[in-house]
1. Looking at (1) farther than 25 Å from Ala234 by Cβ; (2) exposed (fewer than 15 other Cβ atoms within 10 Å of the Cβ); (3) not small (Gly, Ala, Ser), which one does Lys63 not meet, given that it meets all the others?
2. Would you mind listing the helices (runs of 4 or more DSSP H) fully within the stretch 134-184 where at least 1 residues are touching an Asp or Glu at 6+ places or on another chain (Cβ under 7 Å) and modelled with pLDDT of 95 or more?
3. I need the strands (runs of 3 or more DSSP E) fully contained in the stretch 1-61, keeping only those with at least 3 residues that are over 27 Å from Gly177 (Cβ atoms).
4. Filter the stretch 22-42 down to residues that are surrounded by 15 or more Cβ atoms within 10 Å (Cβ to Cβ) and more than 23 Å from Leu101 (Cβ to Cβ) and give me whichever is modelled with the highest pLDDT.
5. Specify the residue that is farthest from the chain's Cα centre (by Cα); the eligible residues are those in the stretch 130-163 that are exposed (fewer than 13 other Cβ atoms within 10 Å of the Cβ) and over 27 Å from Tyr211 (Cα atoms).
Amino acid sequence: MNPERVLYMGLLGQPGERVLGAHAIYVARSGSVTLQMGPDATHHGDWALVPPYVPHHISSHDKVIFCLLIEPESIRADSLAQAALADDAALLDLVLRLRALYAQGPTGVTVPALSNHAFDLLVWGQALPARNLEPRVGQVMALMQADPAFSQSAAACAAICKVSTSRFMHLFKSEVGYSFRHVRTWRRARSLLALVKSHDSLTTIAQDLGYSDASYFSNAIRQTSGLRPKDIMAGARRVKVLQPR
């Protein structure tokens, strides 16, 4: 994983409704996945794509799932389409790539650099076109990515950008595609993924991520992932985390 890409290969568990702030692509280790986005929108297939901030349920007969997360601010709006997501052959290639990576095991996957370019080549076989954010918004996103406990208000970020709060919020949403509040909430919850191997207590982890109390932390993680933090930690005992140092 890096600040703009995550590839999870491991137990799915039994998540409830989840709302991820990234483009999510699901592939089962074998067989198909079932995606439900509302009562009348159910998809069965080798893969499933969910846009950012869309509530959904995911399930699979195989206990192991692959979940690829791509932060929306890191790619052009049409990048996933350009990566041939509408092409069955290209999608089959992605499914086969992910299954082959898993078959190699953690020790068999060599990641020389966790840049977006290297990550995309490993997973997609091609680099996804990057989005060039407006410099002021890019500065705020860099601060958000660098600090898991980022808690700056929109007003504080507006001051950094030297614009009014309303102008900043409009600028941020027009550039990133989603509201400042939603992105800040997601980035904080996402930071738990880097700490799944931590031996610290959940209370300590919650404090490190800037949550005011354990209850708020648990609720935020459940709303995002559909799982309780303690279940995420328990399910990740055999997961190897590869990330920038």
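The values are calculated or read from the model by the stated rules, or taken from the named source; none is laboratory data. Every value quoted in this text rests on a predicted model; they were computed, and no experiment measured them. Neighbour counts are summed over all protein chains in view; Cβ atoms, including those assigned to glycine, are modelled from backbone coordinates with ideal geometry.
1. Only one criterion is unmet by Lys63, namely (1).
2. Fully inside the stretch 134-184 and qualifying: 135-146, 165-176.
3. So the answer is 5-11.
4. Looking at residues that are surrounded by 15 or more Cβ atoms within 10 Å (Cβ to Cβ) and more than 23 Å from Leu101 (Cβ to Cβ), I get Gln36.
5. Lys162
This table checks each residue for (1) part of a helix (DSSP H, G or I); (2) at pLDDT below 80; (3) hydrophobic (A, V, I, L, M, F, W, C).
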residue	(1), (2), (3)
Ala77	no, yes, yes
Ala86	no, yes, yes
Ala89	yes, yes, yes
Asp93	yes, no, no
Leu101	yes, no, yes
Thr110	no, yes, no
Leu114	no, yes, yes
Leu121	yes, no, yes
